[in-house]
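Below is one structure, written out as structure tokens; the observations come after it.
The values are calculated or read from the model by the stated rules, or taken from the named source; none is laboratory data. Given the structure is predicted, the values throughout are model-derived calculations rather than measurements. Here the Cβ positions follow ideal geometry from the backbone for every residue, glycine too, while neighbour counts run over all protein chains shown. Accessible surface areas use protein heavy atoms only, side chains included; no ligands, DNA or RNA. Shrake-Rupley method; radii C 1.70, N 1.55, O 1.52, S 1.80 Å.
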Amino acid sequence: MSELNATAAALLGLLHEGPQTGGQLVSAARERFGSFFSVTRSQVYRELPALADAGLVRLGKQGPRSSQQYVITAAGKKAFKTWLGGEPGPDHLRSPLILRLVHASTLTAKQRVGLIDSAKQVYNGEHEAAKNAVKTAEDPYAKAIAEFGVARAKAVLKLLDSIPKS
């Protein structure tokens, strides 16, 4: 693996906390940075063998129901630190909601109302979760990321309020 992609780096970062199975990595990714960087189950299970082949992770203990733990290697730690110190490149927003809103004029008024109301429920929940994360954050980095989550949820809610329903 010549250069880490962001998904591989995300997994290596999570594995710094200790051995985890693919399912645990999916859950941890959703919890730690799911509001701004999505990692799907299929991406995790595609990246883990590539990371193992590159010597950046190794197989750990076999878990229940044939789950396999992965452990970061010294080479994986070094590759992750190199990735962290590198140029981040452009950010790309991939939002199925915003893609739908781009094409909202092709929906019926009832479909638009359903889409917007459903999205508002989700983002109100994310807003509350992010506010709670700000209150409970123990380190300044986690707090800053949680504050970003608050601002992002507010921005999406403001966007949803600006979309005509009729």
Check: What are the residues in segment 31-43 that are within 16 Å of ALA133 (Cβ to Cβ), surrounded by 15 or more Cβ atoms within 10 Å (Cβ to Cβ) and not hydrophobic (A, V, I, L, M, F, W, C), if any?
Finding: ARG32, GLY34, SER35
Next item on the list: Pairs only if they're at least six apart or on different chains, beta carbon under 7 angstrom, first in segment 70-89 and among the hydroxyl-bearing types (Ser, Thr, Tyr), second buried (at least 18 other Cβ atoms within 10 Å of the Cβ) and not in a helix (DSSP H, G or I); list them, first residue then second.
Entry: TYR70/GLN20; TYR70/VAL57; THR73/LEU56; THR73/VAL57
Notebook entry, point to check: Hey, among ALA144, ALA129, which residue is open to solvent by 40 Å² or more (accessible area, probe 1.4 Å) and closer than 18 Å to SER95 by Cβ?
Noted result: ALA129
Checklist line | Of the criteria (1) open to solvent by less than 100 Å² (accessible area, probe 1.4 Å); (2) farther than 28 Å from ALA129 by Cβ, which one LYS78 fails | finding: (1)
Margin query: What's the number of the only condition in (1) out of contact with any Asp or Glu (no Cβ under 6 Å at 6 or more places or on another chain); (2) part of a helix (DSSP H, G or I); (3) modelled with pLDDT of 90 or more that VAL134 fails to meet?
Written below: (1)
Checklist line | Residues (surrounded by 14 or more Cβ atoms within 10 Å (Cβ to Cβ) and modelled with pLDDT under 95) located in segment 44-59 | finding: none
Check: Hey, among LEU93, LEU97, LEU25, which residue is within 23 Å of ALA153 (Cα to Cα) and surrounded by 14 or more Cβ atoms within 10 Å (Cβ to Cβ)?
Finding: LEU97
Check: Just checking, how many residues over segment 152-166 are assigned to a helix (DSSP H, G or I) and exposed (fewer than 12 other Cβ atoms within 10 Å of the Cβ)?
Finding: 4
Check: Assuming ARG100 fulfils every condition listed in (1) in contact with a helix residue (DSSP H, G or I) (Cβ under 8 Å, 6 or more places away or on another chain); (2) part of a helix (DSSP H, G or I); (3) modelled with pLDDT of 95 or more apart from one, which condition is it?
Finding: (3)
Notebook entry, point to check: Of the conditions (1) within 23 Å of GLU3 (Cα to Cα); (2) touching a Ser or Thr at 6+ places or on another chain (Cβ under 8 Å), LEU93 fails just one. Which one is it?
Noted result: (2)
Check: Does segment 52-67 hold any residues that are closer than 14 Å to THR21 by Cα and touching a Gly at 6+ places or on another chain (Cβ under 7 Å), and which are they?
Finding: VAL57, SER67
Next item on the list: Would you mention how many residues in segment 105-116 are open to solvent by 70 Å² or more (accessible area, probe 1.4 Å) and not in a loop (DSSP other than H, G, I, E, B)?
Entry: 4
